[in-house]
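The values are calculated or read from the model by the stated rules, or taken from the named source; none is laboratory data. All values derive from a computational prediction rather than experimental measurement. Virtual Cβ from ideal backbone geometry, glycine too; neighbours counted across all protein chains shown. Quick note on the areas: whole protein, heavy atoms, side chains included, nothing else; ligands and nucleic acids left out. Shrake-Rupley method; radii C 1.70, N 1.55, O 1.52, S 1.80 Å.
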Amino acid sequence: MDKIKPFFPFAFNFKAKDVTGLIVSIIIHFVVGAVLGIVFGWLLAGIPIIGILFGIIGWAGDLYCTAGIVFAILTFCGVIK
């Protein structure tokens, strides 16, 4: 798990049972996911030739944010230390 922690800094920056840290982490991941979705999904994916590439990047960003939220919840529950 130590190899994953550098890639998800906001999912592991609080202790177990810290509700405030969990809420802040979820809000950060949600906002970043929404911004990535708007920029890549709506704006840049409409470009005819490279739109597919930007769609894939947007999908990967949403997947990253979802994984960050899951890791934050698992950290809160004490499953991941």
The chain, Gaussian network, Cα under 10 Å: of 22, 36, 53, the residue fluctuating most is 53
Scoring the chain by relative contact order with C-alpha pairs under 8 Å, at least six apart, yields a percentage of 42 percent
Tilt, helix 51-77 to longest principal axis of the chain (alpha-carbon atoms), in degrees rounded to tens, equals 10 degrees
Region 18-45 scanned against label point 7 Å out from residue 64 along Cα→C-beta; backbone N under 18 Å for 25-45
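Give me the percent of accessible area attributable to carbon and sulfur for the chain, probe 1.4 angstrom.
Numbers: 4380 of 5510 Å².
Within the chain, the accessible surface is 79 percent carbon and sulfur.
Given that compact globular proteins tend to follow 2.2 N^0.38 Å, what is the ratio of the alpha-carbon Rg of the chain to that value? Let's see the in-between values first.
On the way: Rg = 14.7 Å, N = 81, 2.2 N^0.38 = 11.7 Å.
Rounded to two decimals, the normalised Rg is 1.26.
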In degrees rounded to 10, the 0-90 angle between helix 19-36 Cα long axis and the longest Cα principal axis of the chain is 10 degrees
GNM on the chain, Cα springs under 10 Å; top mean-square fluctuation among 46, 37, 21 goes to 46
